[in-house]
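What follows is a single structure, written as structure tokens, with notes after it.
The values are calculated or read from the model by the stated rules, or taken from the named source; none is laboratory data. All figures in this text were calculated on a predicted structure; none of them were measured in a lab. FYI the Cβ positions are ideal-geometry reconstructions off the backbone, even for glycines, and counts take in every protein chain you see.
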Amino acid sequence: MVPFQDILKCANDNKADIIGLSGLITPSLDEMVTVAEEMTRQGFHLPLLIGGATTSKVHTALRIAPRYKGTTVHVLDASRAVGVCTALVSESGAQAADFAAKVANEYEAIRIERAGGAKEKVVPLAAARANDFKIDWSAYVPPKPAVTGTRIFAEYPLHELVERIDWTPFFRAWELAGNYPAILEDPVVGDSAKRLYADARKMLERIVREKWLTAKGVVSFWPCRRDGDDVVLFADDSHTKEISRLYFLRQQIAKRAPRANMCLADFISPKADWIGGFAVTAGHGIEQHLRRFKADSDDYSDILLKALADRLAEAFAERLHERVRKTLWGYASDEALSNDELTREKYRGIRPAPGYPACPDHSQKPELFRLLNAGQNTGITLTESFAMMPVSSVSGYYFAHPDAQYFGVARIGRDQVEDYAKRRGVALEQAEKWLRPNIGY
Ligand code: B12
């Protein structure tokens, strides 16, 4: 999310040996291509390292490496960066040339393999739509949310969120593999995990007691109905005044019967239904503490606090979803699940988030934010590439139908991209930019 001008200026000012780019959400993938192009244009020769949750060797080989005249390498894991950097900046130069040639050959092989044709067949959009997820709406009575309008949580009690933390991803963020709580007794990583967990608990206690962080959230529900792959939102349940339209994507990979080509709109009744939206953050206030850790060169506490804020944001999203099911929407008032069952999502309804596999287009976030007035109600802002600030934030939709489920849209065809551009009233190139990670042509 850092403009290329800043990155390249910083590299020049600091006489950098290598530039590393890290991408967490898909809009950064395109931005990395821009950085690579600019590096070529400005005559850079430095090696370019690519990493982060949303990046891959294939994307690097196909899209980034061809745009840069120097060496581009995808590095899966930060710890491997040491070996890669050693090879790339070797004193003799020979090792660097060898390494660069090896990577270039490997990426060329990936490009050739990919050019050989896609593996799974993409069916025409019309066929995918005909094979939608069928729900018998005739007997369905959409539950009306108990809350009307918008519910704002200006300062959500942190202690309530602490109980809801899913610790397994916390350990994964520290590259400690294993599920909580078994990980604490693991013969290999158990000791490290125990120490880390104790430190995390200690910091959490201070976060809550001294109010290091402020959690803010907003929830709203709208009357709606399905219109093809769109969901139309109305001002009230007379369904007369349209206030918004959510555009969803449909799976287009050939499916074997009885599996459907799913789209989130399939879980909404074409007659009359309800849909929810939310935005939560646990990141307000973090900056002043990060500044303190930076001044003390305390990287450990810096990472620990960020990881805990992320966990609290995710716990907030989970806790709010539970309150939505039980009271705010209230369609599952008698739900009684253990923490473990909650983590395994044994409940009715889903909360897909723009950027997740079922609705991969991040560009829907501004409209969700407008509907929720999320900027004012939660203090979360969106960058121009749709990242949320503060970082520890989550936003998404609520679907209540018992059959609603998570899935991945995966690869889509040109016909769907054209259709999507038309539905959203944008040029094809714009739609292609938004949907690039899913484009299968
Ligand atoms: C933790 C997490 C969060 C946290 C915070 C993330 C953050 N701090 O920014 C929370 C809960 C807040 C969150 C929110 C969201 N998330 Co999230 N999240 C994750 C998760 C589970 C783990 C990421 C992580 O921290 N891993 C631990 C770190 C250490 O690993 P890493 O980032 O991969 O980095 C390692 C390597 O990649 C490498 N590396 C990284 N960078 C670099 C750079 C170089 C040069 C090198 C050499 C190496 C290197 O080194 C690291 C250590 O080995 C991933 C799923 C996953 N399993 O990866 C999804 C994921 C990143 N999230 C995703 C999404 C969509 C979101 C949201 C947009 C959802 C939403 N609508 O609310 C928001 C966006 C938040 C925002 N601010 O805009 C998607 C992104 C994919 C996409 N299509 O864009 C993912 C991949 C989940 C998925 N499968 O769909 N998320």
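Within the range 86-98, residues that are in a loop (DSSP other than H, G, I, E, B) sit with their Cβ atoms under 7 Å from residues that are among the aliphatic types (A, V, I, L, M), at 6+ positions apart or across chains, in these pairs: Val89/Ile18; Val89/Ala96; Ser90/Ala96.
Return a yes/no flag: does the range 349-368 have any residue that is more than 28 Å from Pro223 (Cβ to Cβ), of a type outside the set (A, V, I, L, M, F, W, C) and either touching a residue at least 24 places away in the same chain (Cβ under 8 Å) or crowded, with 18+ Cβ neighbours inside 10 Å (or both). Working first, answer last.
In the first step, residues of the range 349-368 are kept if they are more than 28 Å from Pro223 (Cβ to Cβ); the result is none.
There is no residue in the range 349-368 that is more than 28 Å from Pro223 (Cβ to Cβ), of a type outside the set (A, V, I, L, M, F, W, C) and either touching a residue at least 24 places away in the same chain (Cβ under 8 Å) or crowded, with 18+ Cβ neighbours inside 10 Å (or both).
Test Tyr420 against the criterion of being away from the ligand (no atom under 11 Å from the Cβ), at pLDDT below 95, out of contact with any Cys (no Cβ under 6 Å at 6 or more places or on another chain) and not assigned by TED's automatic domain parsing to the domain that holds Val280, and give yes or no. When the stated conditions are applied, Tyr420 does not pass them. Scanning the range 356-368 turns up one or more residues that are within 16 Å of the ligand (Cβ to nearest atom), closer than 18 Å to Thr54 by Cα and of a type in the set (Asp, Glu).
Kindly indicate the residue of the range 369-383 that is among the polar types (S, T, N, Q) and either surrounded by 15 or more Cβ atoms within 10 Å (Cβ to Cβ) or within 12 Å of the ligand (Cβ to nearest atom) (or both) and also nearest to Val426 (Cα to Cα) among those meeting that condition. Show your work before the answer.
Quick first cut of the range 369-383, residues among the polar types (S, T, N, Q) only: 373, 376-378, 381, 383.
Next, from what is left, pick out any that are either surrounded by 15 or more Cβ atoms within 10 Å (Cβ to Cβ) or within 12 Å of the ligand (Cβ to nearest atom) (or both): 377-378, 381, 383.
On the way: Asn377: 29, Thr378: 29, Thr381: 23, Thr383: 20 Å.
Here the answer is Thr383.
Looking only at the range 228-262, residues that are more than 26 Å from the chain's Cα centre (by Cα) and either among the charged types (D, E, K, R) or closer than 20 Å to Ala431 by Cα (or both) come to 5 in all.
Annotation note: Cβ proximity below 6 Å between a residue of the range 161-189 that is β-branched (Val, Ile, Thr) and a residue that is surrounded by 17 or more Cβ atoms within 10 Å (Cβ to Cβ) (sequence gap 6+ or interchain) occurs for Val162/Leu204; Ile165/Arg311; Ile165/Ala315; Thr168/Tyr180; Ile183/Phe171; Ile183/Ala193; Val189/Leu176.
Kindly provide the set of residues from the range 228-242 that are more than 12 Å from Ile275 (Cβ to Cβ), out of contact with any Cys (no Cβ under 8 Å at 6 or more places or on another chain) and touching a residue at least 60 places away in the same chain (Cβ under 8 Å), ordered by number.
Filtering the range 228-242 down to residues more than 12 Å from Ile275 (Cβ to Cβ) leaves 228-229, 235-242.
In the following step, the residues that additionally are out of contact with any Cys (no Cβ under 8 Å at 6 or more places or on another chain) were identified as 228, 235-242.
If the condition is that a residue be more than 12 Å from Ile275 (Cβ to Cβ), out of contact with any Cys (no Cβ under 8 Å at 6 or more places or on another chain) and touching a residue at least 60 places away in the same chain (Cβ under 8 Å), then Gly228, Asp237 are the ones that fit.
Determine, yes or no, whether Gly178 is at positive phi and within 15 Å of the ligand (Cβ to nearest atom). Step through it out loud before you land on a result.
Details: at positive phi: yes; within 15 Å of the ligand (Cβ to nearest atom): yes.
Answer is yes for this residue.
Of the numbered conditions (1) assigned to a loop (DSSP other than H, G, I, E, B); (2) touching a residue at least 60 places away in the same chain (Cβ under 8 Å), Trp222 fails exactly one; give the number of that condition. In the conditions (1) assigned to a loop (DSSP other than H, G, I, E, B); (2) touching a residue at least 60 places away in the same chain (Cβ under 8 Å), Trp222 misses (1) alone.
Somewhere in the range 260-269, is a residue in a loop (DSSP other than H, G, I, E, B), away from the ligand (no atom under 16 Å from the Cβ) and surrounded by fewer than 19 Cβ atoms within 10 Å (Cβ to Cβ)? Looking through the range 260-269, at least one residue is in a loop (DSSP other than H, G, I, E, B), away from the ligand (no atom under 16 Å from the Cβ) and surrounded by fewer than 19 Cβ atoms within 10 Å (Cβ to Cβ). Within the range 288-314, residues that are charged (D, E, K, R) have Cβ atoms under 7 Å from residues that are loosely packed, with under 13 Cβ neighbours inside 10 Å in these pairs: Asp302/Lys294, counting only partners at least 6 apart in sequence or on another chain.
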